[in-house]
1. Is there a simple number for the mean count of other chain Cβ atoms within 10 Å of the Cβ of residues in B:73-79, and what is it?
2. Between the label point of A:Gly265 and that of the same position in each other copy, find the distances and list them shortest first in nm, with every label point placed 7 Å from Cα along the Cα-to-C-beta direction.
3. Mind checking the per residue accessible area of the stretch A:121-225 for me, 1.4 Å probe, whole number of Å²?
4. Using Cα springs under 10 Å in a Gaussian network model of chain A, which residue among A:Arg28, A:Arg109, A:Arg128 shows the largest mean-square fluctuation?
5. Over all directions, average the projected area of the Cα convex hull of the stretch A:224-265 and note it in nm².
6. How high is the relative contact order of chain B, in percent, with contacts defined as C-alpha pairs under 8 Å that are six or more residues apart?
7. Compare A:Asp238, A:Asp287 by solvent-accessible area with a 1.4 Å probe and give them largest first, with all protein chains kept in place.
8. Taking all protein chains in place and a 1.4 Å probe, what share, in percent, of the accessible surface of the protein assembly as shown do carbon and sulfur account for?
2 protein chains.
Amino acid sequence: MKRYSTLKDIANALNISTATVSRALADRCDVNQETKKLVQEEAKRQNYKPNPIALRLQNKRSKTIGLVVPEFKSSFFPMVIAGIQKVMDESGFQLLITESQESMEVERRNLKLLENNMVEGILISITREGENTNLYQELIDCGIPLVFFNRVSSKVIASKVVIDDYKRAFFATEHLIYSGFKKIYHFSGPEILMVSKERKKGFLDAMKKHHLEVTDKSVLTAGVFMDKGFSAMQLLIDKNDIPEAIFCFNDPTALGALKAIKEAGLKCPDDVALVGFSETEIAQLVDPLLTSVEQPTFEMGETAARLLLKQINQTPPPEVETVCLLAKLNIRKSSINTHKG
Amino acid sequence: MKRYSTLKDIANALNISTATVSRALADRCDVNQETKKLVQEEAKRQNYKPNPIALRLQNKRSKTIGLVVPEFKSSFFPMVIAGIQKVMDESGFQLLITESQESMEVERRNLKLLENNMVEGILISITREGENTNLYQELIDCGIPLVFFNRVSSKVIASKVVIDDYKRAFFATEHLIYSGFKKIYHFSGPEILMVSKERKKGFLDAMKKHHLEVTDKSVLTAGVFMDKGFSAMQLLIDKNDIPEAIFCFNDPTALGALKAIKEAGLKCPDDVALVGFSETEIAQLVDPLLTSVEQPTFEMGETAARLLLKQINQTPPPEVETVCLLAKLNIRKSSINTHKG
DNA sequence: GATGAGAATGTAATCGTTTACATTAGGTTT
DNA sequence: AAACCTAATGTAAACGATTACATTCTCATC
């Protein structure tokens, strides 16, 4: 590694002790003004920078926090990371990023890795396979605070950052209902995820409120990726059980459905209207433009990071809190009722 | 921070010196088998993990490398990061990620931040504003190896990972030519970027090879984002100077052009055929499906990381090398000549 | 002139680990 | 029995920074 200038180098150059140098650079009052000036000049001359590793050892703080995200492919998590990064840079913390690849096993490995690297806290969005509840609890119990975001644990007590999935799903469904659609289906996400449950509940409650029929067939589990939305839609087309509108778990499944619709020679929104969720860039690029719920991704990262820093820096640590961020429904062409009025 | 078990704790528990404990755990031959066993048991009992910070101070190595990417929005860089991450995890290095937000000024700040954090090397993809040549050179000169990827410096001598932009642009253009198009235009990227120049050169050379006319009007600078592709296409439509086909700098500009084509009531590929570059997820989702050059993003990250580790670990450092990764042209509907034979 | 106060600086321990060198005890060789 | 070897362990310095405590010196006070 590159050789850096140290306190000792400055001390030797000026024939004084490292203690004085340290004090001079910290601008302490019990150092002679002359000496202070000499030290500061010499430090500048040698381009001295305090060694962050030595400081960490001394302070017994790693000044590092860990992050576990399920994947990197979609732009959702990268945007969250950008938000986290901003807060970390401001507060002088380093960020250790790991990817669980939607696997509980890999997630466990990542958490162990972070623990071995002495992170002072962990930000995590869990896999869609499920949660490593015991491990989360262990980490918290032995003093490493966890903050969940987006995909949160339902069992562990910790600070969490979510968007109001239930409400947004409810409103998105109501939007379809107010548009005049009656036969409305839902493509739901992995049953194990809280967000899936919340969005499904929002859908069901909105339907119930408006006295619209909901049968076993109204909800299809379609996973998180495009191919699943595609095959779910194909299934409906094959069975000739085509709804007027579908509220989809997320944008990829909506886009998969859209592809199946087009391939079958049907039209969106004329034959089937679509609503996505968790706004992706693509929503504004496909034809027709996709109605979708926009999540404040960057802000989610910032918020989660701030909550974690609070847990780390305050003694005693503050009460855990769950922050619910506001999301916004962007209504576009894919959910316009072309038959009405 | 959480309290971790140390060598001293084990030494105290067994009434021996930390030196012996250290040696026992390193499984050195000059330790009594009995002692070794006792130490290993006690270490397990206390869940001892070596303190990585102390090791770094001791070894005078930060075991950290830095990364500077221009942005997080598109999935391109996140996928590269995933590749880098994989190599780093395997080799026990930490990764410090920074985002320059396409600003030279922010890039300078990030590089300084990485230097202060004593990274042992830096991976960088430069901004589209241009390059901080002097700073790159300074870092290299004082012992921090740099490896460029994707958007590389044209002036600094260092290892680089690129895709064969020139060849792919050449072939993509030839694909349009072989499809029977004659009036072919190019929407080029920011003039300052090497990749822009390379792709433009590939386009021009392919046209020249096949003796097709190239005028001042054949190449329009369209930037990197969708809106620029959109306005460039609108300009052509307004001037009623509509080419049969356009080879675009990247997918977003192609999609922008596509939007303008549709809004003008024209059809792709019937009226204007399109070819994009640097495959995005979107290419497979739009109508018509977009022909595009697919880049090996994950592999690019892996390769760049490996090159950097070589620079760091070998003494004397190996010669710098430029690795050119293969990219692949995915031919889809947007570039099919519907008039031909 | 002895005492004390206060300013400026130095000494040495600490953080957790490694390792060159020193020490000890026991056994073997002559 | 003196000399030496070997195995096993301990001591202490080092990495770079901070800081409690100790020291030195000067000057003011009685």
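1. Working: counts 5, 3, 8, 1, 2, 11, 3.
For peptide B:73-79, the averaged partner shielding equals 5.
2. Spelled out, the distances from A:Gly265's label point are 2.7 nm.
3. Numbers: 4260 Å² over 105 residues.
It amounts to 41 Å² per residue over the stretch A:121-225.
4. Of A:Arg28, A:Arg109, A:Arg128, the Gaussian network model singles out A:Arg28 as fluctuating most.
5. Numbers: hull surface 10.2 nm².
If I average the Cα hull's projected area over directions, I get 2.6 nm².
6. Details: 623 pairs, mean separation 55.3, N = 341.
Once divided by the residue count of chain B, the mean separation gives 16 percent.
7. Working: A:Asp238 130, A:Asp287 60 Å².
Order by accessible area, largest first: A:Asp238, A:Asp287.
8. On the way: 15570 of 30630 Å².
Reported share for carbon and sulfur atoms: 51 percent.
The values are calculated or read from the model by the stated rules, or taken from the named source; none is laboratory data. Bear in mind the structure is a predicted one, so any value in this text is a computation, not a measurement. Cβ sites come from the backbone with ideal geometry, for glycine too, and all protein chains shown count toward neighbours. To get the accessible areas, we keep the full protein, side chains included, count just its heavy atoms, and leave off ligands, DNA and RNA. Shrake-Rupley method; radii C 1.70, N 1.55, O 1.52, S 1.80 Å.
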